[in-house]
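What follows is calculated from the coordinates using simple rules that are stated; it is not laboratory data. What you see is a predicted model; the values in this text were computed from it and never measured. Cβ coordinates were reconstructed from backbone atoms using ideal geometry, including for glycine residues, and neighbour counts include every protein chain displayed.
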Amino acid sequence: MTDRTNALLRFLVVLALLAGTALFIHSHSQAENLPPRMQLTELPLMLGNWSGTDVPISDDVREILGPGNFVQRVYRRASEEPYVDLFLAYFPTQRTGATVHSPQNCLPGAGWVPVESGRIHLPQPDGRIATVNRYVIAKGSERQLVVYWYQAHARITASEYWAKFYLVADSIRLNRSDGALVRVITPLVEGEEPDISPYSFQPAGGV
């Protein structure tokens, strides 16, 4: 490769970097585009034959999460059946340092240890299939099944790194940095296999 070709390639790379930087600065110099949205508290307490109860979120937890809208709700179908704990976190902007926190970082601090991990395919109300994270966590003799994903702009993402990539891309393309985390937990009774079933996670289908 000649010196002239090398110089041209370096020039093109620098030009591309400058163009990308200009777009990024331009998008961050404007007020964000925040379309009207439903408040998380408007999520129905009744989802099919599941009845929900709001769980207060402490000030300490809110301080850790940062500015945003949060709802934690426990759904039950019958008193003798396992509950489903639904947590929603929505951040209108992630430019000020308030970002979606991965449940992987929070659960160990609460004494829970992951014993299984992977990804599953979860059907959505519109018929599409979303890939989401699946964990089995344990604390002593207790086990819980955890499913969570990142959601923004009609896109569901399992990977924290892809979620951050889309955050930057959407900030430039759409002038939006809002995003959400959806986390669902249900306890596993002794001997129960940690399968994902329409019964276990039906309340998450309307999110």
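The figures follow:
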quantity: Cut-off 14 Å (backbone N to label point 7 Å along Cα→Cβ of residue 62), residues of segment 163-185; calculated: none
quantity: Formal net charge of residues neighbouring residue 54 (Cβ-Cβ distance under 15 Å; K, R +1; D, E -1); calculated: +1
quantity: Separation in nanometres of the label points that stand 7 Å from Cα toward Cβ, at residue 126 and residue 169; calculated: 1.6
quantity: Sorted by Cβ density within 10 Å, fewest first, the residues 189, 182; calculated: 189, 182
quantity: In nm, spacing of pseudo-spin labels at residue 113 and residue 53 (7 Å Cα→C-beta vector); calculated: 3.1
